[in-house]
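Trainee: Below is one structure. I have some questions about it.
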Amino acid sequence: MMTAFVGYVLPWGQMSFWGATVITNLLSAVPYMGDTLVQWIWGGFSVDNATLTRFFAFHFLLPFVVAGATILHLLFLHETGSNNPAGLNSDADKISFHPYFSYKDLLGFVIMLLALTSLALFSPNLLG
């Protein structure tokens, strides 16, 4: 949601400006440090060029942070296994993640990448 919001601000029109002003002002409700937090995000005392630069950086970096957190989550999940609150023995019908599911996921990723590349190269006007 945050990536989408900071991307919404990037065109820098009236709707973007006032959207950034209203949403970032919500942080001023944080006790003791709300106003300081808002001024830090704005880069000054109002929404201006520094805010746009910061939101562009957030918009670029946040997907990498989310991807890294997802990879860490999957790594820890497959190292320790899932929780079993019922206590039932579920080891009998398990198959390992690698190579079965990892190859399946890799195949799906390659197919989607080929489809997107084909669209971008052969019909770029369809993508907008």
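Trainee: Pick out the one residue from Phe64, Phe58 that is within 24 Å of Trp12 (Cα to Cα), surrounded by 10 or more Cβ atoms within 10 Å (Cβ to Cβ) and either assigned by TED's automatic domain parsing to the domain that holds Ala20 or in contact with a Cys (Cβ under 9 Å, 6 or more places away or on another chain) (or both).
Mentor: Going through Phe64, Phe58 in turn, just one is within 24 Å of Trp12 (Cα to Cα), surrounded by 10 or more Cβ atoms within 10 Å (Cβ to Cβ) and either assigned by TED's automatic domain parsing to the domain that holds Ala20 or in contact with a Cys (Cβ under 9 Å, 6 or more places away or on another chain) (or both): Phe58.
Trainee: Here is a check on your reading of the model: is Thr117 of a type in the set (S, T, N, Q), closer than 30 Å to Met15 by Cα, assigned to a helix (DSSP H, G or I) and out of contact with any Pro (no Cβ under 8 Å at 6 or more places or on another chain)?
Mentor: no
Trainee: Something else about it: Among the residues of segment 1-50, which ones are over 24 Å from Phe64 (Cα atoms), of a type in the set (A, V, I, L, M, F, W, C) and not in a helix (DSSP H, G or I)?
Mentor: Val30, Met33, Phe45, Val47
Trainee: Look at segment 51-105 and say how many of its residues are farther than 30 Å from Ile23 by Cβ and either under 22 Å from the mean Cα position of the chain (by Cα) or part of a helix (DSSP H, G or I) (or both).
Mentor: The qualifying residues number 16.
The values are calculated or read from the model by the stated rules, or taken from the named source; none is laboratory data. Computed from a predicted model, the values in this text were never measured in an experiment. Because the Cβ atoms are built from the backbone with ideal geometry, glycine has one as well, and the counts that use them run over all protein chains shown.
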